[in-house]
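First the structure, in the form of structure tokens, and then the observations on it.
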Amino acid sequence: SLKLRRFLYLISPNRIDENFYKSLNEALSTNKVKYFQLRLKKHSNQKLIKIGKKIKSITRKHKVKLIINDSALLAKKIDADGCHLGQSDGSINNAKKLLKNKVIGITCHGSRKLILSAIKKKPSYLALGSFFKSKLKPNAKKASKNLIAWTRLRTNLQIVAIGGINNRNYKSLIKFGVNYLAISSYIWNNPRLKPKDAIKKFK
């Protein structure tokens, strides 16, 4: 079933330049990506809305859901498909009011306590990790793969695994019951492969 299913959760690079849009279009044409998250720090909202709308025309074309990191309000302004909330990004209840039936994901790191409290709030998915050393978040605490199985026993909510995932380590996560693999550095900062070819390494 994984062969047919879109199982990748692609996170944007830290910097977006003019060449990015063409690369994104090619990467999404692989039909492996379910979600694309726009995650940019240190940009004005105006700039983010402009970038977000440009990305949205590409994600729509490929039937990929566009998720905005950290802000339900920005997600609404961009008319994205949802938002991703960290532990300090405001309440999921406010996000649900603002975004109605759209996708809302919650970061749970590697914490059972955060997972249990997130399950009660009924988000669209739980993001767990970091499972491997990650360039995106070098100081992130490591999560154990057993945590995926532990979470699986407690909820049917979708699980996104995050943190340093590449073509050599992803299969072990799927075995433990993850629905989606969050990838970023391996795709955008790959010294050997273009984004489209890097995505094709996930089978």
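Taking amide H as placed 1.01 Å from N in the peptide plane, residue 84 has its amide H under 5 Å from the amide H of 68, 69, 70, 71, 105, each at least 5 places away in sequence or on another chain.
Counting 0.36 nm for each residue step from residue 100 to residue 31 and taking away their Cα separation leaves a gain of 22.1 nm. About the centre of its Cα atoms, the chain shows a dipole size close to 340 debye [charges on the beta carbon of Lys, Arg (+1) and Asp, Glu (-1) only; nearest 20 debye]. Applying 0.36 nm per residue to the separation of residue 122 and residue 23 and subtracting their alpha-carbon distance, the gain on full extension is 32.2 nm.
With a Förster radius of 22 Å applied to the beta-carbon distance between residue 45 and residue 155, the computed FRET efficiency rounds to 0.10. Here the chain yields Rg over Rh of 0.93, to two decimals, using C-alpha coordinates and the Kirkwood radius.
The aspartates and glutamates whose alpha-carbon is closer than 20 Å to the alpha-carbon of residue 97, local same-chain residues fewer than 8 away aside, are 70, 79, 81, 89.
Per DSSP H run of at least 4 residues, take -39500 (n - 2.57); add these up for the chain, divide by its residues and hand me the 222 nm value, nearest 500 deg cm²/dmol. Write down the numbers at each step before the final one.
Values: 9 runs with 75 residues, N = 203.
Using -39500 (n - 2.57) per qualifying helix, the result is -10000 deg cm²/dmol.
Taking θ as phi - 60° and the Karplus parameters 6.51, -1.76 and 1.60, the scalar couplings of the stretch 187-200 work out to 8, 8, 10, 7, x, 9, 10, 6, x, 4, 6, 5, 5, 5 Hz in sequence order, x denoting glycine and proline.
Using only the heavy atoms of the protein chains and a 1.4 Å probe, how would 142, 120 rank by accessible area, largest first?
On the way: 142 135, 120 160 Å².
Correct descending sequence by accessible area is 120, 142.
Excluding ligands, DNA and RNA, the accessible surface per residue across the chain is 54 Å² with a 1.4 Å probe.
Separation of the stretch 1-53 and the stretch 166-191, taken as the distance between their Cα centroids, equals 16 angstrom. Scalar couplings 3J(HN,Hα) for the stretch 19-24, obtained by applying the Karplus form with A = 6.51, B = -1.76, C = 1.60 to θ = phi - 60°, are 6, 4, 5, 5, 4, 5 Hz; x denotes Gly and Pro. Here the gap between residue 114 and residue 171, fully extended at 0.36 nm per residue and compared with their Cα-Cα distance, gives a gain of 18.0 nm.
The values are calculated or read from the model by the stated rules, or taken from the named source; none is laboratory data. What you are looking at is a predicted structure, and each value in this text was computed from that prediction instead of being measured. All Cβ positions, glycine included, derive from the backbone under ideal geometry; neighbour counts span all protein chains shown. All accessible areas refer to the heavy atoms of the entire protein, side chains included, with ligands and DNA or RNA removed. Shrake-Rupley method; radii C 1.70, N 1.55, O 1.52, S 1.80 Å.
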